[in-house]
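Below is one structure, written out as structure tokens; comments come after it.
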Amino acid sequence: MITATNTMSQLQKQLDIIGNNLANIDTTGYKKRQVNFSELLSQQFDNQPVSDQEQGRVTPNGIRAGVGAKLGSTHMMMTQGAIKTTDRELDIAFTKENQFLQILVDENGVQVPRFTRDGALYLSPVNDGTNQVSLVTSNGNPVLDQDGEPIVFVDNFKEIQISANGGLTVVPREGMPQTFNLSVVEVKKPQLLQAVGQNQFGLPDLAELGINTDDVFVSLEGDLRGEVSIQQRALEQSNVDMATEMSNLMLTQRSYQFNAKSISLSDQMMGLVNGIR
């Protein structure tokens, strides 16, 4: 009963992760999470003398009895999602894995950088009395340029062009065009990214972990600008596969039912024992 109870609590967490993947199947740039299980605890019973070990046996001698399984780890799968053409000039899609757009998020009055692959961008008026607009995400967070500053320009343009290497050109109705470079980073260790909601990712306390920022991500600027791979007028779809997630959901539900049934049978057996006594 204890073994089944331990396993059921971990299977419930797997069901939650699968449900979250399915809920974000239409979320732009979403990356699914995969679950790995490990044995919670095992006990070794040395019930065979070493001299009697079978010839050709490849497993360790004796019997190991486990007490359930636990959620060993969850991994974010960074595989590329399908590219969907939208013909909207402010839509961009990354065509390489591990590349993210850097944005600015207000958290309790503090401006902190975040990463996202959601390329559905918009223009928001700047509340300073001028005729300027700021490039923002669908949540209203400013998009940064390679210098770490929000992208702001005058609202008198006739066209916005975004090149494959992340160069943004604002073509005005009159005068010279303005150029910006989108702040794009390449994450070397995506498993360190923490999902903070609204399709955004943050970083843990790297100083506490003893990890340098350069070991986690690198800003693609200067000579590295050519590594950026962006497609304008398109969006990257979620990499969640409906068939795979539904299969995992059914298998997890069956495992949950099996463990629940074992608890029920154990309870009946103890009831029989008590009746006999």
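Is it the case, given these coordinates, that residue 206 is farther than 30 Å from residue 26 by Cβ and either of a type in the set (A, V, I, L, M, F, W, C) or surrounded by 11 or more Cβ atoms within 10 Å (Cβ to Cβ) (or both)? So residue 206 fits the description; yes.
Residue count for the stretch 182-200 satisfying the condition of being surrounded by fewer than 20 Cβ atoms within 10 Å (Cβ to Cβ) and in contact with an Asp or Glu (Cβ under 8 Å, 6 or more places away or on another chain): 3. I'm trying to understand the selection: among the residues of the stretch 251-277, which are touching a residue at least 12 places away in the same chain (Cβ under 8 Å) and hydroxyl-bearing (Ser, Thr, Tyr)? Selection gives 252, 255, 256, 262, 266. Checking each residue in the stretch 55-113 for being among the hydrophobic types (A, V, I, L, M, F, W, C) and loosely packed, with under 12 Cβ neighbours inside 10 Å picks out 58, 65, 82, 110.
Regarding the stretch 7-15, can at least one residue be identified that is at pLDDT below 80, outside the structural domain of residue 91 (by TED's automatic domain parsing) and surrounded by 13 or more Cβ atoms within 10 Å (Cβ to Cβ)? No, the stretch 7-15 contains no residue that is at pLDDT below 80, outside the structural domain of residue 91 (by TED's automatic domain parsing) and surrounded by 13 or more Cβ atoms within 10 Å (Cβ to Cβ).
The values are calculated or read from the model by the stated rules, or taken from the named source; none is laboratory data. Predicted, not measured: the structure shown is a model, and the values here were computed from it. Positions of Cβ are backbone-derived with ideal geometry, glycine not excepted, and every protein chain shown enters the neighbour counts.
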